[in-house]
């Protein structure tokens, strides 16, 4: 089996349950922006070196993003079918985990000097790039909702809080 299926050569792609849509469909855009975030998190993991706590947080977010992208890749007409499926989903538990990580980091001394100019360390810069990718994904989810597409509020909350967490992790990585 080849990765090059050629089914997208006409400018369409498949959603979770097989429906074909244009590659610039708002759902495809949302999945793509979350995929960019996932890749940015991978780059950040490479940059944080031996900080096992940050690596664990990033890997947890990456696992959650796979589930989030699956849900986003289901057409509005298939949202109930997706909810009833065995596919992984972002739940209140994942949001609570991100909130707990934010609380842990906020309980530690974090320097706010120079926070608006990323790049103090390679790891912090990579985390800040992941943060802006999260904000880009968040804006696409808002655009989808505004355009009448179904997006669970929990997904929007998760991406928003993930961006906050990435900001805090970047400040931690600045040392």
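The values are calculated or read from the model by the stated rules, or taken from the named source; none is laboratory data. No experiment lies behind these values; they were computed from the predicted model shown. With ideal geometry, Cβ positions are generated from the backbone for all residues, glycine too; neighbour counts draw on all protein chains shown.
Points to keep in mind about this one:
Okay, residues lined up against (1) in contact with a helix residue (DSSP H, G or I) (Cβ under 6 Å, 6 or more places away or on another chain); (2) closer than 19 Å to residue 63 by Cα:
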{"residue": "128", "(1), (2)": "yes, no"}
{"residue": "131", "(1), (2)": "yes, yes"}
{"residue": "134", "(1), (2)": "yes, yes"}
{"residue": "150", "(1), (2)": "yes, no"}
{"residue": "156", "(1), (2)": "yes, yes"}
{"residue": "171", "(1), (2)": "no, no"}
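- When the residues of segment 79-96 are filtered to those that are surrounded by 17 or more Cβ atoms within 10 Å (Cβ to Cβ) and either over 16 Å from the mean Cα position of the chain (by Cα) or under 18 Å from residue 53 (Cβ atoms) (or both), the one that is modelled with the lowest pLDDT is 82.
- If you go through segment 133-150 and keep only what is over 17 Å from the mean Cα position of the chain (by Cα) and either within 25 Å of residue 42 (Cβ to Cβ) or part of a loop (DSSP other than H, G, I, E, B) (or both), you end up with 147, 148, 149, 150.
- Selection within segment 14-38 - in contact with a helix residue (DSSP H, G or I) (Cβ under 8 Å, 6 or more places away or on another chain) and within 13 Å of residue 69 (Cβ to Cβ): 15, 16, 27, 29, 30, 31, 33, 34, 35, 36, 37, 38
- Residue check: residue 127 meets all listed conditions (1) surrounded by fewer than 18 Cβ atoms within 10 Å (Cβ to Cβ); (2) under 22 Å from residue 32 (Cβ atoms) but one, namely (1).
- Every condition in (1) part of a helix (DSSP H, G or I); (2) within 20 Å of residue 41 (Cα to Cα); (3) modelled with pLDDT under 95 is met by residue 100 except one, and the failing one is (3).
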